[in-house]
């Protein structure tokens with residue numbers, strides 16, 4: 001009688017095909033480990049490249065080859081006068097005029113958190129020189 005609701009009608013949790021989800025009639029729950037983030041690493045701010053987008057591990061950016069991050073935080077400096085674009089490759093990260101940009105645009109003081117493990121997979125470019133960026137990652 002543990003799965004009876006109301007006037008004695010039995011109920012089960014089922015998928016869209018009508019098959020029971022599991023034998024316990026309970027929804028599965030994902031849980032994080034107690035030490036979800038064992039470390040938090042930050043880097044000195046840097047000016048985003050302007051000619052061609054570069055990966056976060058570029059020598060003029062963080063110059064760090066991180067491959068074990070759980071999340072990467074990118075924040076633009078609140079004193080920036082322009083914006084930066086964030087993308088997944090040089091070809092998908094373009095800072096130009098409206099209609100020709102590609103990637104995710106971050107204005108001054110905005111933050112983007114990505115569940116990506118490596119700096120080599122994140123590219124940035126500034127709309128003008130001296131667009132500063134702060135980067136941190138959680139491992």
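The values are calculated or read from the model by the stated rules, or taken from the named source; none is laboratory data. Only a predicted model underlies this, so the values are computations on that prediction, with no experimental measurement involved. Here Cβ is always computed from backbone atoms with ideal geometry, including for glycine, and neighbour counts include all displayed protein chains.
Of everything in segment 89-107, what is part of a loop (DSSP other than H, G, I, E, B) and surrounded by 16 or more Cβ atoms within 10 Å (Cβ to Cβ)? Give them in sequence order.
Here is the first cut: in segment 89-107, the ones part of a loop (DSSP other than H, G, I, E, B) are 89, 93, 95-101, 103.
Of everything in segment 89-107, those that are part of a loop (DSSP other than H, G, I, E, B) and surrounded by 16 or more Cβ atoms within 10 Å (Cβ to Cβ) turn out to be 93, 95, 101, 103.
Please verify whether segment 61-70 includes one or more residues that are surrounded by fewer than 16 Cβ atoms within 10 Å (Cβ to Cβ), assigned to a loop (DSSP other than H, G, I, E, B) and without any contact (Cβ under 8 Å) to a residue 12 or more places away in the chain.
yes
Return yes or no: is residue 38 loosely packed, with under 11 Cβ neighbours inside 10 Å and modelled with pLDDT of 80 or more?
yes
Filter segment 124-139 for residues that are crowded, with 22+ Cβ neighbours inside 10 Å and part of a strand (DSSP E or B); which is farthest from the chain's Cα centre (by Cα)?
So, considering only residues that are crowded, with 22+ Cβ neighbours inside 10 Å and part of a strand (DSSP E or B), the one farthest from the chain's Cα centre (by Cα) is 126.
Scanning for something buried (at least 17 other Cβ atoms within 10 Å of the Cβ), over 15 Å from the mean Cα position of the chain (by Cα), modelled with pLDDT of 90 or more and over 17 Å from residue 129 (Cβ atoms), does segment 72-87 turn up at least one residue?
Scanning segment 72-87 turns up no residue that is buried (at least 17 other Cβ atoms within 10 Å of the Cβ), over 15 Å from the mean Cα position of the chain (by Cα), modelled with pLDDT of 90 or more and over 17 Å from residue 129 (Cβ atoms).
With respect to the numbered conditions (1) under 17 Å from residue 42 (Cα atoms); (2) crowded, with 16+ Cβ neighbours inside 10 Å; (3) under 14 Å from the mean Cα position of the chain (by Cα), which one is the sole condition not fulfilled by residue 111?
(2)
Any residue at all in segment 106-123 that is without any contact (Cβ under 8 Å) to a residue 24 or more places away in the chain and at positive phi?
No, because not a single residue in segment 106-123 is without any contact (Cβ under 8 Å) to a residue 24 or more places away in the chain and at positive phi.
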